[in-house]
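Only one structure is covered here, and it is reproduced in the block below.
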Amino acid sequence: MKKSILIVLLMTVCITYAQKKTNGTIYLEHPAIVAVEAMTKAFVSGNPDKVASYLADDFKSFNGTSINKEDKGQDKAAYLKTVKNWKDNIDYFSISRSDGAYPDALEYSDSSQNDVVWVQTWEDIKGVHSKTGVKIDMPMHRLYTVDKNNKIKTMISYSTSKIADEIADSYVDRKNGVIYNHHEYINSVRKMIYAFENKDFDKAYSFYDEKASFTDINQPVGKSFTLAEQKANDKKFFDDYEVVSIDQVGYPDYLHYELGNASNVLSWWTFRLIRKSDKKSLVVPMFYTHEFDDKGKITNEIAYYSEKAFDVK
């Protein structure tokens, strides 16, 4: 039995070693990396002649996320035209190494890769599109092949298409839903607010979904409250302040967005209060956004106001 166990262990060790096989060397510093980063710097500066000096005559650029099986890539002449396009259309343009990242140069021992070195980079592309105002702030992963003359033969880019899509969509006017000045959801917000004014809490909370979230603009970013937590916040508010009146300012808007099929009510109010601790009268402007689900329940509330309005002496 002991002999059998030893044989099994020996076989396991052999299999483990058999699963590992080197296929070249990875370099932290390499002339190919220098060429790639120099080309990138020239691209950002908007110098097509300088960019061209780093590219092989048969250079091709590919979109690594393309699903087009017939994609033949972008040749050198077409790629050089993009240099001017980026220079003319992107303000504050920069490409820099992503935080904590650095390029790798890979020399493969595979005979089919003897003529090139692969370089891989992780970078952040930033800027503002000058026509549409769309902010560009995205990671980019690229793979390059660099020949023995230190010329870039291939570039394969991997990045999100969402920013480019937003830029393209922003060239034309596009409707995104309907704005209502009268709607059942507006009625719900008014009834909810006035229920609070009259301390009819059961009715006020009946307009919320049980899993509703609440955000106070004065709280840390990302902080939100559950319905139970908001009830505690409301109790403290009514313990500290007497509500004289809550008055609607202007009229609420109900926005039904086509994108995402979202439903939001925007409303403006004036809270007239008396601070119980010193009987000081306060006038506090409030702005709310309320998001509704398809059942007509409020799923999210955001309150906008100045905390200083409550600290008036």
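Things to note:
- Of the candidates Tyr205, Tyr171, the single residue that is surrounded by 11 or more Cβ atoms within 10 Å (Cβ to Cβ) and aromatic (Phe, Trp, Tyr) is Tyr205.
- Enumeration of residues in the stretch 31-72 that are surrounded by 14 or more Cβ atoms within 10 Å (Cβ to Cβ), part of a loop (DSSP other than H, G, I, E, B) and touching a residue at least 60 places away in the same chain (Cβ under 8 Å): Tyr54
- Subset of the stretch 255-270 [buried (at least 16 other Cβ atoms within 10 Å of the Cβ), of a type outside the set (S, T, N, Q) and more than 21 Å from Phe196 (Cα to Cα)]: Leu255, His256
- Hits in the stretch 181-214 - residues which are more than 25 Å from the chain's Cα centre (by Cα) and either among the aliphatic types (A, V, I, L, M) or not assigned by TED's automatic domain parsing to the domain that holds Tyr251 (or both): Ile186, Val189, Met192, Ile193, Ala195, Ala204
- Any strands (runs of 3 or more DSSP E) falling wholly within the stretch 116-201 and containing at least 2 residues that are of a type outside the set (Val, Ile, Thr) and touching a Pro at 6+ places or on another chain (Cβ under 7 Å): 116-129
- When residues of the stretch 87-131 are limited to those that are surrounded by fewer than 17 Cβ atoms within 10 Å (Cβ to Cβ) and touching a helix residue (DSSP H, G or I) at 6+ places or on another chain (Cβ under 7 Å), the one nearest to Leu143 (Cα to Cα): Ser94
- Filtered residue count, the stretch 212-269, keeping only those that are in contact with a Lys or Arg (Cβ under 8 Å, 6 or more places away or on another chain), closer than 20 Å to Lys191 by Cα and either aliphatic (A, V, I, L, M) or without any contact (Cβ under 8 Å) to a residue 60 or more places away in the chain (or both): 10
The values are calculated or read from the model by the stated rules, or taken from the named source; none is laboratory data. Computed from a prediction, not measured in an experiment: that's the story for all the values here. As a convention, Cβ positions derive from the backbone with ideal geometry for all residues, glycine included, and neighbour counts pool all protein chains shown.
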